[in-house]
Each structure stands twice: as C-alpha cells, then as structure tokens.
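Working notes, beginning with the structure itself.
The values are calculated or read from the model by the stated rules, or taken from the named source; none is laboratory data. The structure presented is a predicted model; accordingly, all values stated were derived computationally and were not measured. Here Cβ is always computed from backbone atoms with ideal geometry, including for glycine, and neighbour counts include all displayed protein chains. The accessibility values were calculated without ligands, DNA or RNA, using every heavy atom of the protein model including side chains. Shrake-Rupley method; radii C 1.70, N 1.55, O 1.52, S 1.80 Å.
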Amino acid sequence: MTDDWTAGPRAVAADADAVAADAVAAHWTAGTRDPDAEVRMICFAHAGGGSALFLPWRRRLAPRIDVVPVVLPGRERRIQERPHTRMADLVAELVPALQPLLDRPYVLFGHSMGAMVAYEVAQRLRPAPGMVFVSGRRVPGVTGERHLLGDRDLLGVVNGLGGTPSALLDSPDLASLFLPALRADFQLVETYRPVHTPPLDCPLTALTGDADPEVTPAQMARWGDLTAGGFGLHVFPGDHFYLKGLPEALRRTLLDGADRVSRPPATPRRS
C-alpha cells in the first residue's frame, strides 16, 4: 500500500483555511458564538448602527437562538475602517465573511437599512436561510437624497427617528465620529438599485411599528411580492425603533420563527 504523502499537507492547509475563515467571520460580527443553540440569527442594523441594538437580545433569546450582530466597517471597533457607500461592494465582502456561520439552521434579521442588506445577502448565501425577517423599511428601490444634507440636518433626521442617544447628538466630538458611517449608510441605501432576481425561496416575515414615520404597514406588506416561500406581517406598538429592548411580542415572534426553522413540518408518509 502506498501512503498518500499529500494528505498531511492538504489537511493542514484545509485547517488553516478554516481558521482564516473563522477569523474573518469574527471580524465582521460581535459577541461569542453559542455552540448549543438550535438556530443562529444573523442581524443587520439600521443606518449608523452596529451591534448595540442586538447584543442585549442574546440573553433573552438564549438558549434557542444564537444572536449574531454584524458590525460593518466604520463603526464601533471598526470605526477606523472606511464605510461602504455601495450595496454591491458591501455584499461582495459580507457574503463570504458570513459563510462559516452557516453550520446550523439560520435566519437573517435586518432593521431599516439592515432589511435591505439582509435581502441582498439572502439571495447569495448557500445554504439559504430558513427565514428572513425585514423590519422598518420599504421594499428595495425607494431612493432619496438625505445623504446630501448638511451635518446638522442629517443628525436632525436621525434624532427624529429616536434611535440615537441624545448625548451623542449633543457632543460635536462624538458626532464627528458617528457622521461618516451614518452618511455612508444613507448613501448606500438611497443609491441602491436592486438587480431583478427571482423571489426568495425561503419564508419572509415583515415587522414594523404602528407609528413608524418611515414606513406604513401597507408599505411593509409589499415585501410579500419578493418571496415564494410564504409571507407574514406583524405590526407592533411603537415608532421606528419599536424593537429596542426586544418587546415580549417581538420576542415570541422571533422564537416562533426559530421553531419553524429548526423543526420543519414532517413530510407525510405515503400510504
């Protein structure tokens, strides 16, 4: 019998590739992974946001859901990196970075800008997500020019939505750190032109606050046209940031979605 002398080097190379991929995934996400959770939920934040919105969810959704907030360039510990201004460039880097996280059933959750990122990512990740949650954002293709506003006016827009701490908005030094990623995110959203693609195969669930100034429940219902896998719409009390703190009704909705992903309906037996 002849030994395959290449097996050792190949195994070492494969292990090195896996370690490198895990390191890239860790660079793009926050928090530690829960190896025992049935379902992983990869979360994408609003314009200017990062992991802060989702990290408190980890305790309330454990042990069934492993919450994985995505941290984009230009914010939090990646604040020195240049933020993306084009969706295509962001997704081209993000999709391979998330691949190591798809080792179990998973769902995507995106709020506001994050809803569009989640939708774009869902079309490219393989295996595909078990479900996509989109929150507080109209369907892709709605444009705008708020990224062209002056600093004070742009901060005023964000302040009106209620999702940014007043201390940050009142401090010129903090605002100067926050503004580049915020403006880049608005540019990414408002210049995004989705490529025509077939509807998603996975279920899609739209979520919104009943007093959201950015989108109405009727506008959220249009997300149903973008999936062939089943659609649901849930309206909660609150404004654009109805989801802060993970209200109990939203928590139950997410856990129910996780149950559907981790325990798919049994295939009927043939008689």
Report whether or not G238 is on the phi > 0 side of the Ramachandran plot and open to solvent by less than 70 Å² (accessible area, probe 1.4 Å). yes
Flagged in region 22-47 as of a type in the set (S, T, N, Q) and open to solvent by 50 Å² or more (accessible area, probe 1.4 Å), in numbering order, are T32
Note on region 203-218: residues of a type in the set (G, A, S) and either at pLDDT below 95 or in a loop (DSSP other than H, G, I, E, B) (or both) are A211
The one condition P180 fails out of (1) modelled with pLDDT of 90 or more; (2) more than 19 Å from the chain's Cα centre (by Cα) is (1)
Exception for G50 within (1) at pLDDT below 95; (2) in contact with a helix residue (DSSP H, G or I) (Cβ under 7 Å, 6 or more places away or on another chain); (3) open to solvent by less than 50 Å² (accessible area, probe 1.4 Å); (4) not in a loop (DSSP other than H, G, I, E, B) falls at (4)
The one condition R193 fails out of (1) in a loop (DSSP other than H, G, I, E, B); (2) surrounded by 13 or more Cβ atoms within 10 Å (Cβ to Cβ); (3) of a type in the set (K, R) is (2)
Any chance R75 is open to solvent by 50 Å² or more (accessible area, probe 1.4 Å) and either acidic (D, E) or farther than 18 Å from A258 by Cα (or both) | no
* Asked: Would you say A221 is modelled with pLDDT under 95, assigned to a helix (DSSP H, G or I), among the small types (G, A, S) and under 21 Å from the mean Cα position of the chain (by Cα)?
  -> no
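Those residues that are part of a loop (DSSP other than H, G, I, E, B), surrounded by fewer than 17 Cβ atoms within 10 Å (Cβ to Cβ) and touching a residue at least 40 places away in the same chain (Cβ under 8 Å), I need them from region 53-72; list them, please. Full working, then the answer.
The initial filter retains those residues of region 53-72 that are part of a loop (DSSP other than H, G, I, E, B), namely 53-56, 62-64, 71-72.
Within this subset, residues satisfying the condition of being surrounded by fewer than 17 Cβ atoms within 10 Å (Cβ to Cβ) are 55-56, 62-64.
Those that are part of a loop (DSSP other than H, G, I, E, B), surrounded by fewer than 17 Cβ atoms within 10 Å (Cβ to Cβ) and touching a residue at least 40 places away in the same chain (Cβ under 8 Å): P56, R64.
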